[in-house]
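The values are calculated or read from the model by the stated rules, or taken from the named source; none is laboratory data. All values derive from a computational prediction rather than experimental measurement. Every residue, glycine among them, receives a Cβ derived from its backbone with ideal geometry; neighbour counts consider all protein chains shown. All accessible areas refer to the heavy atoms of the entire protein, side chains included, with ligands and DNA or RNA removed. Shrake-Rupley method; radii C 1.70, N 1.55, O 1.52, S 1.80 Å.
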Amino acid sequence: MLAGSAGRNLGLVIALVILCLVGVLTAGDRFGSIDNAMTILRFASVIGVVSVGMTFVIGGGGIDLSVGAIVALASVWATTLATQAMAADTHWILMVFTALAVGAGCGLVNGLLVAYGKVAAFIATLAMLAGARGLAEIIAQRRTQIVRDRGFIDFFGDSILGIPVLVIIFALVAVGGWVLLNRTTFGRRTLAVGGNAEAARLAGIKVQRQTAYLYVLLGVACGLAAVMLMARTTTGTSTHGQLLELDAIAAVVIGGTLLSGGRATIVGTIFGVLIFATLTNVFTLNNLDTSTQAVAKGVIIVAAVLLQQRLAARRRSP
């Protein structure tokens, strides 16, 4: 049962329900309130957008360790005095385009290195992690840059029918990601490349170009996450996105996407994001430190990978 997508999603739902029960039992009304639910969703929205993009990269047989650094660089570049001055003369949407362009550019560099440069994804994105974070520190001079455009802050800090705009953006990205993965040729090519790149090449798929597209897609997701983080904190700083790659990869793996590629699920990723966001919220309400949270996340990731390996071994056995 667990080998099927319905079984995996049911297991994730059960895990999420158990976490909510623990939250209610340990934190009472502080956890069960509507305001706290919105807090969880706001927190999940930034990680969720990156995780949707990460689902495509991992499903395509890759990995990206630089997403947190790309988010930081995009947030810093979009909040420099020069960018904000130009936005003041035109429209705050310029800040959004700047963040998206920076994210796409970083993703393109990663994609070219991995697809055409034949550099291992782990090494290429590790180099981008160091480079992007360092460049963000140089641009910001290790200072926090304040977002001063009230139009930007008011738009992304607003709510529609009681639902925060950030949560709506997350929902739209999730729906768009599901359609792209499950209902388009792009999604089928992604899983084909992740499952067997040589077979995909023989079938006529341009594997290198498809791989590069996946990293650009993730880069755009990082740029959008930077915009959301800028709106939530009203700042751009080189410290944004620290350990975001851990949360995104964990959510994707917990959701059921294979680390080896060839199988990916957006629905599972969304549940994985909600599980980790809820876990963080429960820990915070119970005054548990971040070190304990990190240990818990590590244990969950290892358990998820072991479960994946066990299910894969069962499918291979006669």
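Descriptive notes on the structure:
- Unmet requirement for Asp247, which otherwise passes all of (1) of a type in the set (D, E, K, R); (2) touching a residue at least 40 places away in the same chain (Cβ under 8 Å); (3) under 16 Å from Phe56 (Cβ atoms): (3)
- Annotation for the stretch 148-156: no member residue is surrounded by 20 or more Cβ atoms within 10 Å (Cβ to Cβ) and closer than 21 Å to Phe56 by Cβ.
- Condition broken by Ser75, with the remaining ones in (1) closer than 30 Å to Gly195 by Cα; (2) open to solvent by less than 60 Å² (accessible area, probe 1.4 Å); (3) among the small types (Gly, Ala, Ser); (4) in contact (Cβ under 8 Å) with a residue 40 or more places away in the chain satisfied: (1)
Each row is one residue, and each column tells you yes or no for (1) within 30 Å of Leu81 (Cβ to Cβ); (2) aliphatic (A, V, I, L, M); (3) more than 14 Å from the chain's Cα centre (by Cα); (4) crowded, with 16+ Cβ neighbours inside 10 Å.
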| position | (1), (2), (3), (4) |
| --- | --- |
| Leu243 | yes, yes, no, no |
| Val253 | no, yes, no, yes |
| Gly261 | no, no, yes, yes |
| Thr265 | no, no, no, yes |
| Phe271 | no, no, no, yes |
| Thr292 | no, no, yes, no |
| Ala303 | no, yes, yes, no |
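- In the stretch 178-236, the residues that are open to solvent by 30 Å² or more (accessible area, probe 1.4 Å), β-branched (Val, Ile, Thr) and closer than 16 Å to Cys106 by Cβ: Val216, Val220
- Pairing residues of the stretch 149-174 that are at pLDDT 90 or above with residues that are among the acidic types (Asp, Glu) and open to solvent by 70 Å² or more (accessible area, probe 1.4 Å), at Cβ distances under 6 Å and at least 6 apart in sequence or on separate chains, gives Val165/Asp158.
- The set of residues from the stretch 106-125 being surrounded by 17 or more Cβ atoms within 10 Å (Cβ to Cβ) and either under 30 Å from Thr235 (Cα atoms) or in contact with a strand residue (DSSP E or B) (Cβ under 7 Å, 6 or more places away or on another chain) (or both) comprises Cys106, Gly107, Val109, Asn110, Gly111, Ala124, Thr125.
- Selection of the stretch 276-306 for residues being under 17 Å from Leu246 (Cα atoms), without any contact (Cβ under 8 Å) to a residue 60 or more places away in the chain and among the hydroxyl-bearing types (Ser, Thr, Tyr) yields Thr290, Ser291, Thr292.
- Annotation: of all residues in the stretch 24-49 being closer than 27 Å to Asp158 by Cβ and over 24 Å from the mean Cα position of the chain (by Cα), the one that is least open to solvent (accessible area, probe 1.4 Å) is Phe31.
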